[in-house]
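The values are calculated or read from the model by the stated rules, or taken from the named source; none is laboratory data. The structure displayed is predicted, hence computed values, not measured ones. Cβ placement follows ideal geometry from the backbone for every residue including glycine, while neighbour counts extend to all protein chains displayed.
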Amino acid sequence: MAKGLPKRSENYSEWYNEIVKRADLAENSAVRGCMVIKPYGFAIWEKMQRALDDMFKATGHQNAYFPLFVPKSFLEKEEEHAEGFAKECAVVTHYRLKSNPDGKGLVVDPNAKLEEELIIRPTSETVIWNTYKNWIQSWRDLPLLINQWCNVVRWEMRTRLFLRTTEFLWQEGHTAHSNEREAIEETERMLDIYATFAEEWMGVPVLRGLKSPNERFAGAVETYCIEALMQDGKALQAGTSHFLGQNFARVFDVKFVNKDNQLEYAWATSWGVSTRLMGALIMAHSDDNGLVLPPKLAPIQVVIIPIYKTPEELAKVSKAVQPIFEELKAAGISVKYDDSDNQRSGWKFAEYELKGVPIRLALGSRDLENGTIEVARRDTLSKESVTIDTAVETVKILLEQIQQSIFQKALRFREANTFRVETWDDFKTQIERGGFILAHWDGTAETEEKIKSETKATIRCIPLDSEEEAGKCVYSGGPSNMRVVFARAY
RNA sequence: CGGGGCGUAGCACAGCCUGGUAGUGCGCUCGCUUUGGGAGCGAGAGGCCGCAAGUUCGAAUCUUGCCGCCCCGACCA
């Protein structure tokens with residue numbers, strides 16, 4: 001176990017915080033609720049960005065950039081949207097400071113009050129649809145498939161590194177379509193991309209589903225989401241894709257002439273994932289030794305550590321390492337040879353485990369004699385010695401295996417922690433133990449609200465693949481034709 | 001905004017109750033010995049004890065006020 005790291009099973013949130021800190025991912029900044037993402041953490045985020053961006057481009061999307069500031073009048077336009085975000089907006093009211101006439105420092109210059117307040121974007125639907133008005137005239141302008149990578153600000157009461165920060169990084173896609181069917185297809189396509197990314201890149205299995213009306217994005221007709229289960233039994237919403245209908249087109253007057261020469265409002269979608277994915281990644285796989293990274297997202301996939309006593313010995317080891325290092329690099333594998341002499345090898349072992357590096361190779365004089373090298377995998381902590389000439393091949397196979405294996409492990413965990421529950425008593429007992437609960441729900445907001453206030457459990461989603469099944473609501477006993485997923489969530 | 005807790009070296013903390021030389025561990029610097037799972041010994045550097053006022057011969061310690069941070073709720077990607 002990593003020295004000084006709290007045990008995952010004893011205090012999950014402390015464990016989480018320590019992993020974030022000790023693995024050099026991020027830290028709280030001096031600015032309230034904001035975080036500093038450190039280079040190692042950012043390198044992981046960049047890998048996520050690149051993979052997602054490639055998927056967006058492959059489905060015809062283009063990147064663009066829209067303003068940070070949203071005039072208050074924009075935000076007001078769509079009523080539900082405005083109401084949903086009003087409580088968490090940072091507002092710019094002035095544009096100038098001046099020296100404090102009563103002493104040191106600066107004060108807001110009262111003469112520099114803005115005529116209209118500017119909101120720092122909590123999301124960009126309004127600025128973007130205000131722009132789309134000028135971009136869309138004809139059905140030939142559609143579909144318009146735009147994404148932007150940016151930061152947003154939501155003034156949350158309580159924050160947690162990566163999971164909920166006042167400012168966070170994300171991508172938000174905003175598309176416009178000429179008809180409803182195509183917009184819904186887009187919404188589902190993007191959800192699918194998110195699910196694929198979560199499972200194949202992050203190794204995090206997700207449920208795909210619809211949000212209940214209560215949990216829907218403010219201003220959306222339908223919100224699709226992917227939900228992941230963390231190791232402490234709590235759910236994490238990992239991505240959302242919204243079908244916005246014509247709501248934003250209507251309030252921003254985005255009309256186009258269709259093929260029948262009729263004026264029509266455009267149909268909208270929006271979808272996003274954020275740096276919260278970093279939190280999901282950490283919580284889904286890591287253990288008492290630190291972070292566990294899927295090879296596809298690891299900034300360093302293989303670390304090579306020399307074991308030596310004297311400089312001469314190091315020189316010999318380095319010479320033996322060199323061809324392996326080059327070959328791995330040539331194979332497109334990100335490899336680091338850590339021959340720094342300010343730490344001992346045992347310290348390095350622990351350090352790279354803490355940082356989640358998937359594979360460690362260790363080579364010492366004993367190996368030189370035997371023509372072997374030690375290969376250790378981070379996910380299982382198992383070690384084996386292989387002959388030096390098979391090392392590169394072993395690494396290639398192992399990287400694949402680890403990627404699969406951590407996904408399978410997370411999947412088994414989710415399966416073992418998903419429960420079909422029939423009675424309210426069982427529900428209350430099970431929710432305390434964590435996990436996903438599949439239960440019948442009468443479909444009313446009242447029941448949903450009562451369950452939430454009595455147990456802190458929310459409907460995470462109505463799974464897309466769930467089958468019709470007659471049953472009785474676990475709370476009210478009312479009729480239900482489908483099970484929904486309940487859990488406590490981050 | 002309610003309820004708890006904490007501000008002392010780069011980091012983690014003790015000391016405060018009962019006022020009197022500023023401490024410990026980690027980290028850092030130097031030296032020697034070590035080196036196949038977070039090395040050992042020795043020597044050293046490093047402090048406006050959160051800020052301000054008060055009580056006192058004397059305050060890290062007592063009193064009051066302020067500021068900041070963390071945890072638990074309400075809010076949430």
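Annotations
- Search result, residues across segment A:207-223 that are of a type outside the set (D, E, K, R), buried (at least 20 other Cβ atoms within 10 Å of the Cβ) and within 12 Å of RNA strand B (Cβ to nearest atom): A:217, A:219, A:220, A:223
- Flag if residue A:84 is more than 11 Å from RNA strand B (Cβ to nearest atom), of a type outside the set (A, V, I, L, M), surrounded by 17 or more Cβ atoms within 10 Å (Cβ to Cβ) and modelled with pLDDT under 95: no
- Among the candidates A:236, A:281, A:277, residue that is under 17 Å from the mean Cα position of the chain (by Cα), in a helix (DSSP H, G or I) and within 10 Å of RNA strand B (Cβ to nearest atom): A:277
- Number of residues in segment A:371-407 that are under 30 Å from the mean Cα position of the chain (by Cα), more than 13 Å from RNA strand B (Cβ to nearest atom) and acidic (Asp, Glu) equals 1.
- In segment A:445-461, the residues that are within 21 Å of residue A:240 (Cα to Cα) and buried (at least 18 other Cβ atoms within 10 Å of the Cβ): A:448, A:457, A:458, A:459, A:460, A:461
- Meets criteria (within 8 Å of RNA strand B (Cβ to nearest atom), loosely packed, with under 15 Cβ neighbours inside 10 Å, in contact (Cβ under 8 Å) with a residue 24 or more places away in the chain and not acidic (Asp, Glu)) for residue A:368: no
- Residue selected from segment A:165-212 under the condition among the aromatic types (Phe, Trp, Tyr) and assigned to a strand (DSSP E or B), by the criterion farthest from residue A:223 (Cα to Cα): A:168
- In segment A:244-272, residue farthest from RNA strand B (Cβ to nearest atom) [restricted to those that are crowded, with 24+ Cβ neighbours inside 10 Å and under 27 Å from the mean Cα position of the chain (by Cα)]: A:267
- Taken as a whole, the condition of being part of a helix (DSSP H, G or I) and touching a Gly at 6+ places or on another chain (Cβ under 8 Å) does not apply to residue A:429.
- Segment A:119-142, residues that are in contact (Cβ under 8 Å) with a residue 60 or more places away in the chain, farther than 16 Å from residue A:258 by Cβ, of a type outside the set (Ser, Thr, Tyr) and crowded, with 19+ Cβ neighbours inside 10 Å: A:125, A:127, A:128, A:129, A:130
- Where a residue in segment A:201-220 is at positive phi and in contact (Cβ under 8 Å) with a residue 12 or more places away in the chain and its partner, wherever it lies, is assigned to a strand (DSSP E or B) and away from RNA strand B (no atom under 11 Å from the Cβ), with Cβ under 8 Å and at least six apart: A:219/A:244
- Between A:433, A:360, A:412, the distinction of being touching a residue at least 12 places away in the same chain (Cβ under 8 Å), under 22 Å from residue A:287 (Cβ atoms) and either within 25 Å of the chain's Cα centre (by Cα) or surrounded by fewer than 18 Cβ atoms within 10 Å (Cβ to Cβ) (or both) belongs to A:433 only.
- Strands (runs of 3 or more DSSP E) wholly inside segment A:19-98 that include at least 3 residues being more than 25 Å from residue A:175 (Cα to Cα): A:26-28, A:35-37, A:91-94
- The residues of segment A:473-488 that are in contact with a strand residue (DSSP E or B) (Cβ under 8 Å, 6 or more places away or on another chain) and buried (at least 16 other Cβ atoms within 10 Å of the Cβ), listed by number, are A:473, A:474, A:480, A:482, A:483, A:484, A:485, A:486, A:487, A:488.
- Within segment A:378-397, considering residues that are within 13 Å of residue A:360 (Cβ to Cβ) and basic (Lys, Arg), the one surrounded by the fewest Cβ atoms within 10 Å (Cβ to Cβ): A:383
- Residue satisfying condition, being charged (D, E, K, R), modelled with pLDDT of 90 or more and either within 26 Å of residue A:298 (Cα to Cα) or away from RNA strand B (no atom under 16 Å from the Cβ) (or both), within set A:125, A:182: A:182
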